[in-house]
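Q: One structure is given below, represented as structure tokens, and several questions about it will come after.
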Amino acid sequence: MTTIREGRQTLSFDTSWSVLKWDGSHEFVGSMDAALHQLGGGVKAADVVGVRDIRRQAKLLLIAEFKDFEHPGIPTSRRAAAALAATSGDLMQNIVRKIVDTLSGATFAHDSSQQRCPELDSWRPALGRATTRMLVLVCVEMPESQGLAALPWTKELQRRLRWLGPNTRVIVSTSCRPFRGEGITYQV
């Protein structure tokens, strides 16, 4: 089992998954981000990418993003701003941008020595298959006052990402409604 953490948020994966903390990988930080930094707005990275490979089943690609606007470490003076940020249009745009940039990055990026880590070996071949499925998983924690605001996120992200096609599922998960399935478990 592989576990990826960011702050207090955790995704656990069964052995059918090959996963990578994308926004900290050498392919992103040491290569892609450095090369494209001069672009207006830079380049964005989702937190996690992965490929699920089960024999005789279509491969499943994962792009996952963590957002925690309820983290106990947020200073009291910033809590109101965090609550507003949790429901802003800018946040939705930022998430979509991370997904778009991560798709191209995980597909093509190499580290500074022109290598790719083993976790990315099956990403590119899987992406080219018509049967490959994709899961976009956004794990978000919001202040209780904004808790219901996460509910419309799924529909809005589905609308903004519909160009990814019918094999893509977009799911917003919270600790109140944690995602469990496809060999993945989300928890706080």
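None of the figures in this text is laboratory data; all of them are computed from the coordinates on show. All values derive from a computational prediction rather than experimental measurement. All Cβ positions, even for glycine, are placed from backbone atoms using ideal geometry, and neighbour counts span all protein chains on display.
Q: Per DSSP H run of at least 4 residues, take -39500 (n - 2.57); add these up for the chain, divide by its residues and hand me the 222 nm value, nearest 500 deg cm²/dmol. All intermediate terms of the calculation are to be shown ahead of the outcome.
A: Details: 5 runs with 44 residues, N = 188.
Using -39500 (n - 2.57) per qualifying helix, the result is -6500 deg cm²/dmol.
Q: When Lys and Arg each count +1 and Asp and Glu each count -1, what net charge do the other residues less than 10 Å away from Val188, Cβ to Cβ, add up to? Display every interim value, and only then the final one.
A: Values: positive: Arg8; negative: Asp68, Glu70, Glu141.
In short, -2.
Q: Next up: Lys and Arg at +1, Asp and Glu at -1: add these up for the other residues within a Cβ distance under 15 Å of Gln93 and post the number. Display every interim value, and only then the final one.
A: Working: positive: Lys44, Lys67, Arg97, Lys98, Arg159, Arg160; negative: Glu65, Asp90, Asp101, Glu156.
Result for the local shell: +2.
Q: Would you mind finding the longest exposed-site-free stretch of the chain, with exposed trypsin sites (Lys or Arg not before Pro) meaning DSSP loop and at most 15 other Cβ atoms within 10 Å? Before the final figure, lay out each step's value.
A: Details: sites that count: Arg8, Arg55, Arg56, Arg129.
Between exposed loop sites, the widest span is 57-128.
Q: I would also like to ask the following. With 21 Å as the cut-off, how large is the P(r) tail for the chain, expressed as percent of Cα-Cα pairs?
A: Details: 9029 of 17578 pairs.
Counting every Cα pair in the chain, those more than 21 Å apart make up 51 percent.
Q: By how many nm would the segment from Arg129 to His26 lengthen if fully extended, with 0.36 nm per residue of separation less the alpha-carbon distance? Don't skip to the end; give the middle numbers.
A: Details: separation 103, 0.36 × 103 = 37.08 nm, distance 2.62 nm.
Roughly 34.5 nm would be gained on extension.
Q: Using the alpha-carbon atoms, what tilt in degrees (0 to 90, nearest 10) does helix 89-108 show relative to the longest principal axis of the chain?
A: 10
Q: Where does region 75-133 land on Rg/Rh, using Cα atoms and the Kirkwood Rh?
A: Details: Rg = 17.4 Å, Rh = 14.4 Å.
My calculation of the ratio gives 1.20.
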